[in-house]
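Chemist: The structure that follows is given in the form of structure tokens.
The values are calculated or read from the model by the stated rules, or taken from the named source; none is laboratory data. Owing to the predicted nature of the structure, the values given are computational and were not obtained by experimental measurement. Cβ: placed from backbone, ideal geometry, glycine included. Neighbour counts: every protein chain shown.
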Amino acid sequence: MEIPTKPTIAIIGHKNSGKTLLIEKLIKALVEKGYNVASAKHIGRKGHTFDMPRKDTSKHLEAGANPVIAISENETVIIRKNHIDRPLETIFENIPENVNVILLEGFSGQVLSNENIPKIVCVKNEEELREYKEKGKNIILFSSLNKIKHEETLHIIEDFHQILEKTIAYIENQEQLINIYKDLPGLNCGKCQFKTCLNLSKAIMNNKASKNECVVLTRKRKLKILVNNKEIPTTPFVEKIIKTTVLSMLSTLKGINIENKQKTELKIEVKT
Ligand code: SF4
């Protein structure tokens with residue numbers, strides 16, 4: 001995952017630093033402003049389970065069902081028994097389409113040095129502030145429930161409107177970047193001067209480049225692949241392998257003559 005699929009802000013910090021209070025206030029304020037917010041909370045307690053022992057869902061799980069889905073009049077809970085080693089990807093893969101902001105609580109280990117996920121760090125004192133400043137990348141601001149003498153630290157309650165303003169500015173910024181990125185092939189082939197699709201997206205956002213810098217998009221292609229009407233970008237190398245393999249396989253079939261043809265169109269329908 002190069003960048004999140006939706007604007008994502010992480011609220012991180014040590015225990016009792018005000019993370020839950022801040023995320024609660026942010027969710028409420030963003031929902032009031034019309035955002036569809038999804039949130040994810042990291043639970044670090046070893047052996048934690050959401051299942052209730054001796055309840056029916058627990059019996060389903062013990063019998064081997066995976067996942068177990070519990071639906072009541074007001075809630076739907078999906079319990080999956082697995083070890084997730086890519087927690088962020090799992091979150092992004094399960095976010096409904098209509099969501100336009102994701103707030104993460106915790107996940108320090110995954111996001112602290114990830115410069116593509118902006119973060120608000122809750123601290124209790126200056127020592128914690130120094131600690132995060134040294135290790136963290138792309139920190140929007142520090143916030144605290146205590147008075148801390150540091151110009152970048154905002155009080156979770158007294159300065160909340162400033163925290164909200166900055167958060168919204170970052171959400172809008174990320175949204176713009178994600179939309180630009182989605183228009184590029186996402187192949188990271190390294191063939192343009194920006195080397196990665198994300199770097200070119202950032203340059204486009206800062207008006208320092210245009211989509212035409214992407215050589216995959218601009219070069220004359222010898223193979224066009226559409227899957228369910230969606231064009232799939234390919235590098236020249238992959239293009240060559242697919243073209244040679246598919247055409248040589250087809251040319252062995254009876255009644256097919258694709259030699260010396262300027263253009264060959266194939267349609268493959270796969271039923272699963
Ligand atoms: S040439 Fe295009 S696909 Fe390749 S890294 Fe640059 S932007 Fe990405």
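Chemist: Tell me which helices (runs of 4 or more DSSP H) are completely within region 108-206 and hold 1 or more residues being closer than 30 Å to Glu231 by Cα, or say none if there are none.
Modeler: Details: elements: 108-111, 126-135, 160-182, 197-205.
In region 108-206, 160-182, 197-205 are the helices (runs of 4 or more DSSP H) which contain 1 or more residues that are closer than 30 Å to Glu231 by Cα.
Chemist: Across region 114-136, what is the number of residues that are closer than 21 Å to Leu26 by Cα and among the charged types (D, E, K, R)?
Modeler: 2
Chemist: Right, something else. Please go through region 199-223 and pick out each residue that is more than 9 Å from the ligand (Cβ to nearest atom), over 23 Å from the mean Cα position of the chain (by Cα) and farther than 25 Å from Thr244 by Cβ.
Modeler: The answer is Asn207, Lys208, Ala209, Ser210, Asn212.
Chemist: Assess whether Pro67 counts as being modelled with pLDDT under 90, in contact with a strand residue (DSSP E or B) (Cβ under 9 Å, 6 or more places away or on another chain) and in the same structural domain as Ile156 (by TED's automatic domain parsing). If you could, list the steps in order and put the result at the bottom.
Modeler: Working: modelled with pLDDT under 90: yes; in contact with a strand residue (DSSP E or B) (Cβ under 9 Å, 6 or more places away or on another chain): yes; in the same structural domain as Ile156 (by TED's automatic domain parsing): yes.
When the stated conditions are applied, Pro67 passes them.
Chemist: Those residues that are surrounded by 17 or more Cβ atoms within 10 Å (Cβ to Cβ) and more than 11 Å from the chain's Cα centre (by Cα), I need them from region 71-102; list them, please.
Modeler: Ile79
Chemist: So which residues in region 183-209 are free of Cβ contacts under 8 Å to residues at least 12 places away in the same chain and either crowded, with 16+ Cβ neighbours inside 10 Å or under 16 Å from Asn116 (Cβ atoms) (or both), if there are any at all? Give the derivation first.
Modeler: Keep residues of region 183-209 that are free of Cβ contacts under 8 Å to residues at least 12 places away in the same chain, which gives 190, 195, 199, 203, 206-208.
Selection gives Lys195, Asn199, Ala203, Asn206.
Chemist: Quick one: which strands (runs of 3 or more DSSP E) lie wholly within region 1-81 and hold at least 2 residues that are more than 21 Å from Cys122 (Cβ to Cβ) and without any contact (Cβ under 8 Å) to a residue 40 or more places away in the chain?
Modeler: Per the criteria, 68-71, 76-79.
Chemist: In this structure, is Thr272 in a loop (DSSP other than H, G, I, E, B), among the polar types (S, T, N, Q) and not assigned by TED's automatic domain parsing to the domain that holds Cys197?
Modeler: Details: in a loop (DSSP other than H, G, I, E, B): yes; among the polar types (S, T, N, Q): yes; not assigned by TED's automatic domain parsing to the domain that holds Cys197: yes.
Considered against the rule, which asks whether it is in a loop (DSSP other than H, G, I, E, B), among the polar types (S, T, N, Q) and not assigned by TED's automatic domain parsing to the domain that holds Cys197, Thr272 comes out as yes.
Chemist: Okay, moving on. Which residues, taken from region 95-138, are in contact with a Lys or Arg (Cβ under 7 Å, 6 or more places away or on another chain), of a type in the set (Val, Ile, Thr) and under 17 Å from Lys15 (Cα atoms)?
Modeler: Val111
Chemist: Looking at (1) at pLDDT below 80; (2) over 33 Å from the mean Cα position of the chain (by Cα); (3) not hydrophobic (A, V, I, L, M, F, W, C), can you tell me which one Thr272 breaks?
Modeler: Result: Thr272 passes all but (2).
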